[in-house]
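The values are calculated or read from the model by the stated rules, or taken from the named source; none is laboratory data. Small disclaimer: the values here were computed from a predicted structure and weren't measured. We place every Cβ from the backbone using ideal geometry, glycine too, and count neighbours over all the protein chains shown.
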Amino acid sequence: MGFPPAAHATQTGPQSVYAQPTLVGHPVQPQPGNPYAQPGPYPVVGPPPTGGGGAGRAVLWAVAGAVAASAAWAAGVFLTASGADADLRGYTAPTNLCTSTDYSSFKAEYTTEDSAPAHNGIKDDALDEGLCNLSLKKSGSSYSDAYLYTQLDLHKKTDPGPEFTASWKNYGDSHKGYDVESVAGIGDEAYLVSEDTTSGSSSGSLYATLAVRDGWVTYTMSYSAYYTSYAADTDPPTLAEVSAWLKTDTRATLRDLRS
């Protein structure tokens, strides 16, 4: 499941669903949507008929054989499904996600390049992961005016879909003050999670994350800013603008990561 938004101490907001231990590792429960994982009922095989008649034994073994065959078929199908190849859609995890993160939309507002963006990642049989933290600065700023965080996860052993949906779709229920919007046209599913305390002014904070799942691949791009760093006569980016930038740049980044 993949989400800290940045290593910077002042950042807040949703983190990668696959980095939250409370959201993964659930004990296995009966699966209502899986016909091969249901707890019966199965036909009950009674005692053999009295008298040792051959016909009675034949019926008994026929019933027992049918039960065994049904169970073996179900187990076989279930094991085949659980061992299916990962649906990675042609994505690859780069060594440095920062160099593969397209954030062109933000550069008109934040014109000063981050000279040393922080990045790391892992390569494993079960998971390839890339992380990137970018500091965003306006021209002439001595300190960062905003932060951009991206995370790419290629899940090679397990399907992240159910937990991804449960975590992001319901984020507003578990985190007060956040709004959740379903976004169409990016991957198999995508959610925009945001918190805006600016009230259209140059004070307060703005946080927005676009979380995308495409097959067994998940990607998040998160923006956070504290607008007290903006001059009183300067209009900081609005939530609508930031949301549009996240969607544009996420589409571009995912397209590049598949090529």
Any idea which of Ser135, Ser142, Ser115 is assigned to a loop (DSSP other than H, G, I, E, B) and closer than 18 Å to Thr101 by Cα? Ser115
Within the range 112-131, the count of residues that are under 18 Å from the mean Cα position of the chain (by Cα) and within 17 Å of Ala225 (Cβ to Cβ) comes to 0
Quick check: is even one residue across the range 126-137 closer than 20 Å to Leu239 by Cα and charged (D, E, K, R)? yes
Ala244: passes all of (1) surrounded by fewer than 18 Cβ atoms within 10 Å (Cβ to Cβ); (2) touching a Ser or Thr at 6+ places or on another chain (Cβ under 7 Å) but (2)
Glu181 - would you say it is in the same structural domain as Leu134 (by TED's automatic domain parsing), in contact with a Phe, Trp or Tyr (Cβ under 8 Å, 6 or more places away or on another chain), crowded, with 18+ Cβ neighbours inside 10 Å and not basic (Lys, Arg)? no
Regarding Leu148, is this residue more than 16 Å from Tyr219 (Cα to Cα) and buried (at least 17 other Cβ atoms within 10 Å of the Cβ)? no
Positions within the range 197-218 being assigned to a strand (DSSP E or B) and either among the hydrophobic types (A, V, I, L, M, F, W, C) or surrounded by 20 or more Cβ atoms within 10 Å (Cβ to Cβ) (or both), in sequence order: Leu206, Tyr207, Ala208, Thr209, Leu210, Ala211, Val212, Arg213, Asp214, Val217, Thr218
In the range 112-136, residue farthest from Lys157 (Cα to Cα) [restricted to those that are modelled with pLDDT of 95 or more, surrounded by fewer than 17 Cβ atoms within 10 Å (Cβ to Cβ) and in contact with a Lys or Arg (Cβ under 9 Å, 6 or more places away or on another chain)]: Asp124
Could you give every pair whose Cβ atoms fall below 6 Å, whose first residue belongs to the range 147-159 and is within 25 Å of Glu109 (Cα to Cα) and not assigned by TED's automatic domain parsing to the domain that holds Leu246, and whose second residue is of a type in the set (Gly, Ala, Ser) and modelled with pLDDT of 95 or more, counting only separations of at least 6 or pairs across chains? none
Among the residues of the range 156-174, are any under 23 Å from Leu257 (Cα atoms), among the β-branched types (Val, Ile, Thr) and buried (at least 17 other Cβ atoms within 10 Å of the Cβ)? no
